[in-house]
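Chemist: Structure below; questions to follow.
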Amino acid sequence: MQRGWVCVLGVGLLLLGYFLGGSAGPGAVEFPDPNEARDAAQMERAVAEALAEPRAFPRASRLIRLMEGINAENVEGAVRAVSARVAGGDPVDLQLVLTAWVHLDPHTAIDHVRGWPMRLHREIGIRTVIREWAASGGRIAAAAYFETVTDSDVRAIAAGPLVRGWALAGDNRGALELAHRLWHGEGQRDVVSGLMRGVLHASDTSGALALARSTDPNRRGQFERQLARDTLRLVGRENPVAAAAFYSELEDAAQSDWLAGSLAPLAGSWRNRDPQATLEWLLTRQEDSERLDALTKTIATWGRQDLEEAWAWFEARFGGASAEQDLSTLESTLLAGLLRSMARTHPSDAARWVGRIRAGEDRSALFIRVSYFWSIEDGEAALDWIETLEIPEELRARMLQAAERSRQDTRG
């Protein structure tokens, strides 16, 4: 990136920060008086002893108490102890010490971790320091430091955490503008994820959705679309009902093909909590292969949780599926999902239904699955069933192999 652009952006960020809240942020962390705390040598020994604790929880508890006593005079001792174990230390321990150091001297902290030899720990250190720096009332200084960095690898590592920290400081609009600038200036795709993670932490799901709804992905561009996709993914993990409502808004708008890939993770987050509500919502969405796959997995999940309840819903919703006429693609998809669960727990019942599934990969896989589990329960009955079916011989052979494998597994 050209340095002239960097300088312009750096000045713009500083002005943006002051106009959108200045240096305001969380209150400063207070550290003990040097006369009442450990000196550097004592801190080094204490931190080294804490890091030697093999159990994670006691180790973290000791480190937290030690970091509450850190100050400008003894921080060097703590850093020496951590640096001595950086290659084999737990990343959580490194993050804990670094987040304390940032409140004392962020410039020295980030310059130090940039010199760590192991790439993994160096990245963890950079991300931790820049995020905590921005989140702790120093977002303007953190952004200014970022603009002095010429190493493209470091910029790529630090960009997302910088935006996340800015949002954690409570300035959603400023963080949005910063993410937008970095996205278009350097192609930093993780800045959008960093933005939404920070907003979610500081403003919960309602704040994240409000920010996403303030942009129009169908009238703007790729940044806004990535913002919407990340919002759906992250909000869906905490509040899938609210995320589904947002998805419906986006899908009902024009040009929503860019949403491809967002339905599956949203349904995946929702179905374990409420498979029926997930199914009912999926049935209202546009018909495509992603929706069909989500329907199959959702009703299969419900079948594992409560097969009787799931089957009752299927019969009430699609009563015609029990008639002799051919099943629709939707009915066959839902029935296939249910039979995945039924084959394991009630294979003889599943055998009566599997022939109703529309021809294809799912149907063949279900025939084989029923053969396997029914052979565990009643091998003779399963073999009789396999021999009487009017199916291709290649499929019959695979079913017989599955039946034999189940007997071997049972004996073994």
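Chemist: Quick check on the chain: take the gyration tensor over C-alpha atoms, sort the square-rooted eigenvalues as a ≥ b ≥ c, and tell me if it's rounded (a/c under 1.5), prolate or oblate.
Modeler: Details: a/c = 3.12, a/b = 1.87, b/c = 1.67.
Prolate is the answer for the chain, as a/c is 1.5 or above and a/b outweighs b/c.
Chemist: If each residue of separation counts as 0.36 nm, what is the full-extension length gain between Asp384 and Thr410 once their alpha-carbon separation is subtracted?
Modeler: Working: separation 26, 0.36 × 26 = 9.36 nm, distance 1.94 nm.
Full extension of this stretch gives 7.4 nm more.
Chemist: Label points 7 Å out from Cα along the Cβ direction at Ala397 and Ala156: separation in nm?
Modeler: Inter-label distance under the simple model: 4.9 nm.
Chemist: What share of all Cα pairs of the stretch 141-236, in percent, falls into each consecutive 5 Å distance bin?
Modeler: 3, 15, 27, 26, 16, 9, 4, 0
Chemist: What is the distance, in nm, between label points placed 7 Å from the Cα along the Cα-to-Cβ direction at Leu120 and at Asp90?
Modeler: Computed distance between label sites Leu120 and Asp90 equals 1.5 nm.
Chemist: For the stretch 34-119, just say rounded, prolate or oblate: build the C-alpha gyration tensor, square-root its eigenvalues into a ≥ b ≥ c, call rounded for a/c under 1.5, and beyond that prolate if a/b exceeds b/c, oblate if not.
Modeler: Values: a/c = 1.64, a/b = 1.04, b/c = 1.58.
Oblate.
Chemist: Oh, and also: At 1.4 Å probe size, with no ligands or nucleic acids counted, give the accessible surface of Met196 in Å², nearest ten.
Modeler: 0
Chemist: Using every pair of alpha-carbon atoms in the stretch 118-181, split the distances into 10 Å bins beginning at 0 and state the percent of pairs per bin, rounded to integers.
Modeler: Cα pair-distance distribution for the stretch 118-181, in percent: 25, 57, 18, 1.
Chemist: Which log10 I(q)/I(0) values does the stretch 210-352 give at q = 0.09 Å⁻¹ under the Debye formula, counting every alpha carbon as one identical point scatterer?
Modeler: Here the Debye-derived log intensity ratios amount to -0.32.
Chemist: Please name whichever of Gly89, Gln226, Ala260 sits farthest to the positive end of the charge dipole of the chain, dipole taken about the Cα centre and charges placed at Cβ: Lys and Arg +1, Asp and Glu -1.
Modeler: Gly89
Chemist: List the residue ranges in the chain for DSSP H helices whose C-alpha atoms run 15 angstrom or more along the long axis and whose Kyte-Doolittle average is 0.5 or above. Please report the intermediate quantities before stating the final value.
Modeler: Details: long enough: 3-19 (24 Å, 1.68); 40-51 (16 Å, 0.33); 56-67 (16 Å, 0.38); 91-102 (16 Å, 1.30); 119-133 (21 Å, -0.58); 152-168 (24 Å, 0.65); 172-186 (21 Å, -0.84); 190-213 (21 Å, 0.56); 222-238 (24 Å, -0.96); 240-252 (17 Å, 0.29); 289-317 (26 Å, -0.70); 329-345 (25 Å, 0.46); 361-377 (25 Å, 0.02); 393-411 (27 Å, -1.58).
Flagged H segments are 3-19, 91-102, 152-168, 190-213.
Chemist: Let me ask you something else. Hey, got a sec? Which GluC sites (Glu not before Pro) in the stretch 282-342 land in a DSSP loop and have at most 15 other Cβ atoms within 10 Å?
Modeler: Details: sites: Glu287, Glu290, Glu308, Glu309, Glu315, Glu324, Glu331; in loops: Glu287, Glu324.
Qualifying residues, ordered by number: Glu287, Glu324.
Chemist: Grab the beta carbon distance between Ala144 and Ile376, set R0 = 60 Å, and tell me the FRET efficiency rounded to 0.05.
Modeler: On the way: r = 67 Å, r/R0 = 1.11.
It comes to 0.35.
Chemist: Compare Ser332, Ser136 by solvent-accessible area with a 1.4 Å probe and give them largest first, with all protein chains kept in place. Before the final figure, lay out the partial values.
Modeler: Values: Ser332 10, Ser136 35 Å².
So, going from the largest accessible area down, we get Ser136, Ser332.
The values are calculated or read from the model by the stated rules, or taken from the named source; none is laboratory data. The shown structure was predicted, so the numbers you read here are calculated from the model rather than taken from an experiment. Glycine also receives a Cβ, built like all others from the backbone with ideal geometry; neighbour counts cover every protein chain displayed. Surface areas here come from the heavy atoms of the whole protein model, side chains and all, with no ligands, DNA or RNA. Shrake-Rupley method; radii C 1.70, N 1.55, O 1.52, S 1.80 Å.
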